[in-house]
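S.K.: Mind having a look at this structure? Questions to follow.
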Amino acid sequence: MSDSIEPSTPSTSSTNTTAYIHPRREPFEHGLIPIPKLIFSDGTQTLGPLRDKLVERSTQSPNQRVDSIAISDTLQISLDHARLVLDTIATVLHSDSDPIVAAKPSEIEEIGVDVNDLVLFLKFPLPWNIFLKEFLKENGSSSASDQGVAMADACQASDLKGSSVKVINCHESVIYILAPLRYATIYGCSDTTIVLGAVGKAVRVEHCERVHVIVAAKRICIANCRECVFFLGVNQRPLIVGDNHKLQVAPYNTFYSQLETHMDQVGIEATINRWDDPVIPNWFEGESSGSTKGNPFPLPDVYMSSQHRNHNNLGEIKQILKESITGRQRA
């Protein structure tokens, strides 16, 4: 259930000053945003001019950074998608010393993102941080914050502090991980209840069925799940992508004795809970207008059926969320 870490290999010579590429093993699938306009197949050929434009926009800012308006204008994406980019970078950025990482949710827009970090994010979206260069000399090793923990039948919260954990292929189980974590991934589970403590970076739940997830986190992404229920205390808007069916969301509704301490340690604010304000992206919104309003080529029946099914699923999720919000307001 964990994302285990192997220590980097030390240099064989104390006088060797060669720089190495050190791949980070943290679960940076949390940084994936499947926005077509942010996928650059030609690499620097397109990113070079975009970087120049972003640098020019950053010079107009007092802190030499770019906000969502500059990102939206330069990359020609909607303002909503640009804010999603900012929130994602604030969650997965490798440098904890960067001001956007420590920013409160209400401050992210004002602080903005460094142009170089944004370009790196766009260049390596799958997942981007593993390509960062860490120049290791002599006996360099991974930092403590990058370490995963091998889960036993039971362990103390102190054993998991600052770790990244994965709950994979668990069925008909009840799992408690009451600790201050960096990242958490729940994948391929069914008929299971999972209670997470405080997750300071992000949670990703993918390919699960009939799972109940109770979590306090800065961010959550839900992808390709069926008949799952999420009790959320989240500072950023939940991101729901992929092929989902019959999902339910509700506010966080439990506690344990160290919860507030753990939340303080990882930077989660109890005064902000955006559980009822999800992002269900229309990835193609904001594209340039034109006379073509649909695919001019006829689709095979099987493709057309799949397309209709996806549209119906999206409408179903939106209706469930709308009814959930209406019910809460009436109560």
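The values are calculated or read from the model by the stated rules, or taken from the named source; none is laboratory data. If you're wondering where the values come from, they're calculated on a predicted model, not measured in any experiment. Methodologically, a virtual Cβ is constructed for each residue, glycine included, from the backbone with ideal geometry; neighbour enumeration extends over all protein chains shown.
S.K.: For region 72-100, how many residues meet the condition of being among the charged types (D, E, K, R), farther than 14 Å from Lys37 by Cα and modelled with pLDDT of 85 or more?
M.R.: Number satisfying all stated conditions: 3.
S.K.: When only residues in region 59-92 that are among the charged types (D, E, K, R) and touching a residue at least 40 places away in the same chain (Cβ under 8 Å) count, which is surrounded by the fewest Cβ atoms within 10 Å (Cβ to Cβ)?
M.R.: Per the criteria, the residue is Asp80.
S.K.: Condition first: in contact with a helix residue (DSSP H, G or I) (Cβ under 9 Å, 6 or more places away or on another chain), among the small types (Gly, Ala, Ser) and surrounded by 21 or more Cβ atoms within 10 Å (Cβ to Cβ). Can you find one or more residues in region 93-104 that meet it?
M.R.: Taking every residue of region 93-104 in turn, none turns out to be in contact with a helix residue (DSSP H, G or I) (Cβ under 9 Å, 6 or more places away or on another chain), among the small types (Gly, Ala, Ser) and surrounded by 21 or more Cβ atoms within 10 Å (Cβ to Cβ).
S.K.: Select from region 200-244 the residues that are under 25 Å from Gln265 (Cα atoms) and either outside the structural domain of Gly162 (by TED's automatic domain parsing) or among the small types (Gly, Ala, Ser) (or both) and list them in ascending order.
M.R.: Scanning region 200-244 gives Gly200, Ala202, Ala216, Ala217, Gly233.
S.K.: Scan region 76-92 residue by residue and report those that are in a helix (DSSP H, G or I) and of a type in the set (Gly, Ala, Ser).
M.R.: Across region 76-92, the qualifying residues are Ala82, Ala90.
S.K.: Let me confirm something: among Asp264, Asp243, which residue is closer than 24 Å to Thr88 by Cα and part of a loop (DSSP other than H, G, I, E, B)?
M.R.: Answer to the selection: Asp243.
S.K.: Could you check region 54-75 and list, in sequence order, the residues that are assigned to a helix (DSSP H, G or I) and of a type outside the set (Asp, Glu)?
M.R.: Scanning region 54-75 gives Leu54, Val55, Arg57, Ser58, Ser68, Ile69, Ala70, Ile71, Ser72, Thr74, Leu75.
S.K.: Okay, next question. Suppose we filter region 188-231 for residues that are assigned to a strand (DSSP E or B), within 19 Å of the chain's Cα centre (by Cα) and among the polar types (S, T, N, Q); how many remain?
M.R.: So the answer is 0.
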